[in-house]
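A.B. asks: This is the structure I want to talk about, given as structure tokens.
What follows is calculated from the coordinates using simple rules that are stated; it is not laboratory data. Values in this document were obtained by computation on a predicted structure and should not be read as measured data. Cβ atoms come from the backbone with ideal geometry, glycine included; neighbour counts cover every protein chain shown.
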Amino acid sequence: MQFFNYVMRKVWLHQTRIGLSLYDVTGQGYLRECDLENYILELIPTLPQLEGLERSFYSFYVCTAVRKFFFFLDPMRKGKIKIQDILACSFLDDLLELRDEDLSKEQQDSNWFSAPSALRVYGQYLNLDSDHNGMLSKDELLR
């Protein structure tokens, strides 16, 4: 069984690498922010756990998901992430876990990319944005 799991993981990694490489417009093994945005935007309709999201919420969802990847995987703020690094971290696993139609409520709540988590982040953002200008000032963040 371990060998089977190993082979399945290798196949998944290769398939996912190919899928991500389709968005690597420079062909250098990196995804820029706009590349990752396009990948996630096109991925949303294939994730049953996100079926309840309204299309008007997609842009916020994509923005927050991409920011998580870039915050942790682009610490030098170069504006690009190695595809290898995306595959090596668990973020993509968490995102693709949303393909599971039978994901329990507990799993959804603990998955940062789930609809409930995204809506929770959005609610917190709206609560902080006291002047409703769409941007968070230092004063608003200090609250």
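A.B. asks: Show which aspartates and glutamates lie in cross-link reach of K80 when reach means a straight Cα distance below 20 angstrom and same-chain residues fewer than eight apart are skipped.
C.D. replies: Straight-line reach from K80, under 20 Å: D24, E33, D35, E37, E42, D93.
A.B. asks: Checking the a/c ratio against 1.5 first, then a/b against b/c, what shape does the Cα gyration tensor give for segment 1-52? If you can, show how the numbers build up before the last one.
C.D. replies: Details: a/c = 3.91, a/b = 1.29, b/c = 3.03.
Cα axes put segment 1-52 in the oblate bin.
A.B. asks: Straight-line reach only, C-alpha to C-alpha below 29 angstrom: list the lysines that K82 could link to, leaving out same-chain residues fewer than 8 apart.
C.D. replies: Within reach: K10, K68.
A.B. asks: Direction-averaged shadow area of the convex hull around the Cα atoms of the chain, nm²? Don't jump to the answer; show the numbers that get you there.
C.D. replies: Values: hull surface 42.3 nm².
The Cα convex hull of the chain, projected and averaged over all directions, gives 10.6 nm².
A.B. asks: Of the GluC sites (Glu not before Pro) in segment 1-51, which ones lie in a loop per DSSP and count no more than 11 other C-beta atoms within 10 Å? Can you show the working numbers first?
C.D. replies: Values: sites: E33, E37, E42, E51; in loops: E51.
Here the GluC sites (Glu not before Pro) that fit, given the DSSP loop and packing criteria, are E51.
A.B. asks: Can you compute the charge dipole magnitude of the chain about its Cα centre, using +1 on each Lys and Arg Cβ and -1 on each Asp and Glu Cβ, nothing else charged? Give it in debye, rounded to the nearest 20. Intermediate values should be presented prior to the final figure.
C.D. replies: Numbers: 16 positive and 21 negative charges, 118 e Å.
Its charge dipole is roughly 560 debye.
A.B. asks: Just to be sure I understand: if I project the alpha-carbon convex hull of segment 69-139 onto a plane and average over all orientations, what area do I get in nm²?
C.D. replies: Working: hull surface 26.3 nm².
Spelled out: convex hull of the Cα atoms, projected over all directions, averaged, 6.6 nm².
A.B. asks: Okay, next question. For the chain, return all DSSP H helices satisfying: extent of Cα atoms along own axis at least 18 Å; mean Kyte-Doolittle hydropathy at least 1.0. Walk me through the numbers on the way to the answer.
C.D. replies: Values: long enough: 2-21 (28 Å, -0.14); 58-73 (22 Å, 1.12); 115-128 (20 Å, 0.16).
Within the chain the helices that satisfy the rule are 58-73.
A.B. asks: While we're here: When a footprinting reagent is the concern and you count Cβ atoms within 10 Å, what order do R17, R143 take, fewest first?
C.D. replies: Details: R17 15, R143 8.
Ascending Cβ contact count within 10 Å gives the list R143, R17.
A.B. asks: I'd like the distance separating the alpha-carbon centroids of segment 4-28 and segment 66-103, in whole Å.
C.D. replies: When both Cα centres are located, 13 Å separates them.
A.B. asks: Over the chain, calculate the relative contact order: mean separation of alpha carbon pairs under 8 Å at least 6 apart, over the residue count, as a percent.
C.D. replies: Numbers: 112 pairs, mean separation 31.2, N = 143.
Relative contact order here is 22 percent.
A.B. asks: Taking 0.36 nm per residue of sequence separation and subtracting the Cα-Cα distance, how much length would be gained by fully extending the chain between S56 and D100, in nm to one decimal?
C.D. replies: Values: separation 44, 0.36 × 44 = 15.84 nm, distance 2.33 nm.
Extending this stretch completely gives an extra 13.5 nm.
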